[in-house]
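Engineer: Here you go, one structure.
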């Protein structure tokens, strides 16, 4: 497809850039600066800084969580029962006051807020939100609420990036993008997994790939991970067990895990979808106590024998991977973690869903693996392998990020052998979850908040109209380049049909296509240029051509400029597959709208 | 009043110019870099505080865990080492001690997970290989156990490597003996003997292991080495006596066993063995130092003893029923009865070849009755040993 370039961002930047003001050097430095600091390039450099700042912030966030944990719950592996009850309850009270009076935007996970910044607020996220998220989430996770640090890190990164973008006075397009760039940096640093972070932000927040977006997101993610590893080391979050798949038939066992994980995801997301609006509908004064009550109930669960449900729970994921729980205990922990996370999240306590999702997935995976081993002792997969696969399963089923879920497990495990089990199990979980709960959890939360953000999942599933859906066969619209104007006019008049536009396509061998109207031919004949061939008359006036698989919206951009466009084969641009006009495009859109309404 | 206006204008211009400079990318980048450096320095300072606290807490829990581990309080040790690992998840020492404590609690599967992780990090660590070998041995995974034992023998050890490697080899030999892999145990024992120091205790233990592996020659050699330094060590004397006894060197065995019994009168097995050795010496008609009359007397006594043994064995077999005890070949009784009139002092003197014929029959009877009727009298046991001694001659 031959598309004329749009006005570039560079042009916009040049227009508003002040003169350099160094007269003794003439215009040369200015030209050099314009070349080097075009906004798109500058944005890439800025992405690195965003990554660095986000990485440093996430490191501080991790310190804060650790300190909160030590001072609120104690430094030992076994916690005192009184602390287990009091710490999350009292912290819940403080968090409620802070969220209601000081940081109202700190509530929730942070993913939707970043999406809202992209689609509604032109990239604006107040810096205060980052501070609020930092303080309240650290307090919540450190005191034992069943939430994780990843989503808050994502929002902190996005908020920092947004603040930086505002100071830089970036263009509106760049400002919209800057929050996801910061989000990727925050998530990558929190997860120690740059690929997963990049994929998640592109898959769930931005929803599209371009070289510019990918470059910025990757640069910010990589620089944040480098900073994080500088301070906290490069070790993986878990000790990864040996992964083996001796017989392909064992994939059936992983499929079972996918089915169980899919059902658990539906239960988890249905719980969030049902309980969250009910909690929010309660009288306003109850919001002061909701996090505290959630904390109290989590503390009671912990005291009754499952302290593993408190906090992010990475230590216990690691233990589950290494066979330190029986499969019955693992199943109980998965169920209790769902309850604990529901309590924390629906009470409006700030914190993330990623870590609890991984926890539930790991426990469920190891439980299913353990139970299958009891029934079929010959299975070669260790509990650790099932736990790893289980993490991906819940990620695909609950967060509904299928690509990220696969790469996350690959990145965390560093082992390619796990790819087949992960693909199979994640696909089952994703399909079951989608089948039973058509709206993804992030979209449910957005709609509960009264926002209408684009759903990435729905966009992925949406049918796209293509040129081939609107084009019609080219029966009489083509003239030959060697014909003279007289002959061409005769041919046009002989095949005249009022239904079709007065324009004809001319195949310009070997260079491409052009077009000419009947009035233009008549003028040529009147001016005595009747013997002039169309090839010479139309030389240098070529028109754009389309391919059948181009999106219809591409055609829409050009049909008002050229009344008739050729649709040609990708193998041979001289071979005409059909033609398309503005009328054809509009008719198809009208039809599409009617189909959509009737559905 | 033109001057203040000019001043104001120029001040505004400078301000505008300054702002325009600030907006320019190189300046922005310089400012961002400076900000990043400041932030980085601040986080580094914070990080030092954090790391110091983490190290302090990790060490505190580790010390408590180590103390509990030493006292055998494995449950508390596990909790404390787990707490220590919260602050230094990858600490080799913390993981190793936690795994040791888990072994103490017999939670081998959990310990194995830690050990295998430690092995991945340091495959040459002796202790980790040894523990993995022990776990594999308990799981009856012989190949894995042997692999880890051998790794441990050639691995790096803290402190005295020689001692640790030798002890590991000893443990491997004991394991091999337990699983009845005597040939492999003997090979390891030969390697062990080469590395044993001139310490009587070690040499005696080496001798014991050779004995268990039924390598009596090497066992005797090790006991002798030990006895050179400690001639009155009852264990070495008993071991040397047993080795010599098993080798059929009854005279030597008698010497060692006499010393062993006199050093340790409570050593009943040695005393019993001494008695048997003395009886063997006394009842062997093929000794070189005895006279013909003595030899004939011994043959007569042996022949009578064999006849009695045959009779008692047949009676026992008849009493318990033919199905339970296989009765000795009836041919032997007939042969014995046929030969009996010829086995007299004069008969033996007349026909010296009769000594061999008579003793062959005696040995045949003792072998048959021993397999058919089990344990015999001391005399019969001695005759059996003499039979074994002269087997093939």
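Since every read-out is calculated from the coordinates, none of them should be taken as a lab result. Remember, predicted model here, so these are calculated numbers, not experimental data. Please note: Cβ atoms are built from the backbone with ideal geometry, for glycine as well, and neighbour counts cover all protein chains shown.
Engineer: For the stretch A:310-356, just say rounded, prolate or oblate: build the C-alpha gyration tensor, square-root its eigenvalues into a ≥ b ≥ c, call rounded for a/c under 1.5, and beyond that prolate if a/b exceeds b/c, oblate if not.
Structural biologist: Working: a/c = 3.84, a/b = 1.84, b/c = 2.09.
Taking the square roots of the gyration eigenvalues as a ≥ b ≥ c, the stretch A:310-356 is oblate.
Engineer: What's the whole-number percent of alpha carbon pairs in the stretch A:320-443 lying beyond 26 angstrom?
Structural biologist: Details: 1386 of 7626 pairs.
Value for the stretch A:320-443: 18 percent of Cα pairs lie more than 26 Å apart.
Engineer: Helix B:142-153: angle to the longest alpha-carbon principal axis of chain B, degrees 0 to 90, nearest 10?
Structural biologist: Approximately 70 degrees, to the nearest 10.
Engineer: Equivalent-ellipsoid semi-axes (√(5λ), Cα gyration tensor) for the stretch A:121-162, whole Å, largest first?
Structural biologist: With the √(5λ) rule applied to the stretch A:121-162, the semi-axes are 21, 9, 6 Å.
Engineer: Using a 10 Å cut-off around each Cβ, can you sort B:284, A:490 from fewest to most neighbouring Cβ atoms? Walk me through the numbers before you get to the answer.
Structural biologist: Numbers: B:284 20, A:490 14.
Sorted ascending by nearby Cβ count, the order is A:490, B:284.
Engineer: Going by Cα centres, the stretch A:292-342 and the stretch B:336-375 are how many Å apart?
Structural biologist: With the stretch A:292-342 and the stretch B:336-375 each reduced to a Cα centre, they are spaced 83 Å.
Engineer: Then there is this: What's the exposure ranking of B:154, A:314, going from fewest to most Cβ atoms within 10 Å?
Structural biologist: By the 10 Å Cβ count, ascending, the order reads B:154, A:314.
Engineer: For chain B, what does the helix formula give at 222 nm: sum of -39500 (n - 2.57) over DSSP H segments with n ≥ 4, over the residue count, nearest 500 deg cm²/dmol?
Structural biologist: That calculation yields -27000 deg cm²/dmol at 222 nm.
Engineer: By per-residue mean of other Cβ atoms within 10 Å, what is the highest-first order of A:72-82, A:196-206, B:34-44?
Structural biologist: A:196-206, A:72-82, B:34-44
Engineer: I need the shape label for the stretch A:467-598. Rule: rounded when a/c is under 1.5, else prolate if a/b > b/c, else oblate, with a, b, c from the alpha carbon gyration tensor.
Structural biologist: Here the stretch A:467-598 falls in the prolate category.
Engineer: Related question: Ranked highest first by the average count of other Cβ atoms within 10 Å around their residues, in what order do A:264-273, A:378-387 fall?
Structural biologist: Ranked by mean Cβ neighbours within 10 Å, highest first: A:378-387, A:264-273.
Engineer: Angle, helix B:25-70 long axis vs. longest principal axis of chain B, Cα atoms, 0 to 90°, nearest 10?
Structural biologist: Tilt of helix B:25-70: around 30 degrees.
Engineer: Report, to the nearest 10°, how far helix A:150-168 tilts away from the longest principal axis of the Cα atoms in chain A, using its own Cα long axis and a range of 0 to 90°.
Structural biologist: Approximately 50 degrees, to the nearest ten.
Engineer: D for the protein assembly as shown, whole µm²/s, Stokes-Einstein with Kirkwood Rh over alpha-carbon pairs at 25 °C and 0.890 mPa s: what number?
Structural biologist: D = 67 µm²/s.
Engineer: With the calculation restricted to Cα positions, what are the radius of gyration and Dmax of chain B in angstrom?
Structural biologist: So, for chain B, Rg and Dmax equal 40.4, 166 Å respectively.
Engineer: Further, regarding this structure: Taking each pair of different alpha-carbon atoms in the stretch B:336-380 once, compute 1/r for the pair, average those values, and report the inverse of that mean as the Kirkwood hydrodynamic radius in Å to one decimal. Walk me through the numbers on the way to the answer.
Structural biologist: On the way: mean 1/r = 0.0862 Å⁻¹.
In the stretch B:336-380 this quantity evaluates to 11.6 Å.
Engineer: Other chains near A:50-57: what is the mean number of their Cβ atoms within 10 Å of each residue's Cβ?
Structural biologist: 3
Engineer: Also, quick follow-up: Can you give the calculated 222 nm mean residue ellipticity of chain A, where each DSSP H run of n ≥ 4 adds -39,500 (n - 2.57) and the sum is split over every residue, rounded to the nearest 500 deg cm²/dmol? Intermediate results must be reported in sequence, preceding the final value.
Structural biologist: Details: 26 runs with 368 residues, N = 599.
That calculation yields -20000 deg cm²/dmol at 222 nm.
Engineer: Would you please put B:309-315, A:434-440 in order of how densely packed they are, using the mean number of other Cβ atoms within 10 angstrom per residue and starting with the highest?
Structural biologist: Ranked from most to least packed, the peptides come out as B:309-315, A:434-440.
Engineer: Something else: If you wrap a convex hull around the alpha carbons of the stretch A:39-232, what volume per residue comes out, as a whole number of Å³? Present the calculation step by step, with values, prior to reporting the outcome.
Structural biologist: Details: hull volume 19.6 nm³, N = 194.
Per-residue hull volume (Cα only) is 101 Å³.
Engineer: How crowded by other chains is B:109-116, given as the mean number of beta carbons from other chains within 10 Å of each beta carbon? Display every interim value, and only then the final one.
Structural biologist: Numbers: counts 4, 5, 0, 2, 11, 3, 0, 4.
Mean shielding by partner chains, rounded to a whole number: 4.
Engineer: Now, a different point. Among A:67, B:336, which comes first, second and so on when ranked by fewest other beta-carbon atoms within 10 Å?
Structural biologist: Ordered by Cβ neighbours within 10 Å, fewest first: A:67, B:336.
Engineer: Calculate the all-directions average of the projected area of the stretch A:483-552's alpha-carbon convex hull, and give it in nm².
Structural biologist: 5.6 nm²
Engineer: Considering every residue in A:320-328, what mean count of other chain Cβ atoms within 10 Å of its Cβ is obtained?
Structural biologist: Whole-number average of other-chain Cβ neighbours for A:320-328 is 2.
Engineer: Give the separation of the Cα centroids, the stretch B:31-105 to the stretch A:536-570, in Å.
Structural biologist: 67 Å
Engineer: Rounded if a/c is under 1.5, else prolate if a/b beats b/c, else oblate: with a ≥ b ≥ c from the C-alpha gyration tensor eigenvalues square-rooted, which is the stretch A:248-455?
Structural biologist: It is oblate, given that a/c is not under 1.5 and a/b is not larger than b/c.
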